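A.B. asks: Before anything else, here's the structure in question.
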Amino acid sequence: MKTILVVDDNTDNRNIIAQMLKISGFQVVCAINGLHALEVAASERPHLIMMDMAMPVMDGWTATSHLKADADLATIPVIAVTGHVTQNEINRALHMGCEDVITKPIDFETMIHKVRRYVTRQMMVM
């Protein structure tokens, strides 16, 4: 079963995303901020990370740049999940290493489509 790491400081957002992924057949692990995400990613080796960008302790931009700088974790695709929908913020997420962006409020059909696409791609390189 493919594992997705869902990172969001908002419990409701994290739980809704996790539930939609579970319904779609994925195993889900969660983290509450970017620092926690680095720990979980290192121990769980997920197939994909859904990263909220605006969080306390360590934001998603910083966490993504740390992930991409770590040779053991750099190949894990990261999808930014953000309410920051300006083109500058989207470009920032992509520049920091995110493969794609999903904006809030989330269209769950689009989310599942993107998750499946990146997980399939990730399985080919593992």
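A.B. asks: Is it possible to state the helix-based mean residue ellipticity at 222 nm for the chain, with each DSSP H run of 4+ residues giving -39500 (n - 2.57), the sum divided by total residues, to the nearest 500 deg cm²/dmol? What is it?
C.D. replies: After summing the helix terms and dividing by the residues of the chain, the value is -15000 deg cm²/dmol.
A.B. asks: Here's another thing I want to ask about it. Given charges of +1 on the Cβ of Lys and Arg and -1 on the Cβ of Asp and Glu, with all other atoms neutral, how large is the dipole of segment 3-125 about its Cα centre, in debye to the nearest 20?
C.D. replies: 360 debye
A.B. asks: Just to be sure I understand the model, the point goes 7 Å from the Cα along the line to the Cβ. What's the resulting ARG121 to ILE23 distance in nm?
C.D. replies: 2.6 nm
A.B. asks: Also, I was wondering about something else. What percentages, rounded to whole numbers, describe P(r) for segment 1-51 computed over all alpha carbon pairs with 5 Å bin width beginning at zero?
C.D. replies: Spelled out bin by bin, segment 1-51 gives 5, 24, 36, 23, 11, 1 percent.
A.B. asks: What net charge is computed for the residues neighbouring VAL28, neighbours being all others with C-beta under 13 Å from the C-beta of VAL28, Lys and Arg scored +1, Asp and Glu -1?
C.D. replies: Once all neighbours under 13 Å are counted, the net charge is +1.
A.B. asks: Any idea what the relative contact order of segment 32-126 is, in percent, if you count C-alpha pairs under 8 Å spaced at least 6 apart? Write out the running numbers ahead of the final one.
C.D. replies: Values: 121 pairs, mean separation 26.4, N = 95.
Averaging sequence separation for qualifying contacts and normalising by length gives 28 percent for segment 32-126.
A.B. asks: Tell me, what ³J(HN,Hα) does each residue in segment 23-32 have, in order and in whole Hz, if you take phi through Karplus 6.51 cos²θ - 1.76 cosθ + 1.60 with θ = phi - 60° and put x for Gly and Pro?
C.D. replies: 4, 8, x, 9, 8, 10, 10, 10, 9, 9
Quick note: the coordinates plus some simple rules give every number you see, no bench work behind them. Small disclaimer: the values here were computed from a predicted structure and weren't measured. Neighbour counts are summed over all protein chains in view; Cβ atoms, including those assigned to glycine, are modelled from backbone coordinates with ideal geometry.
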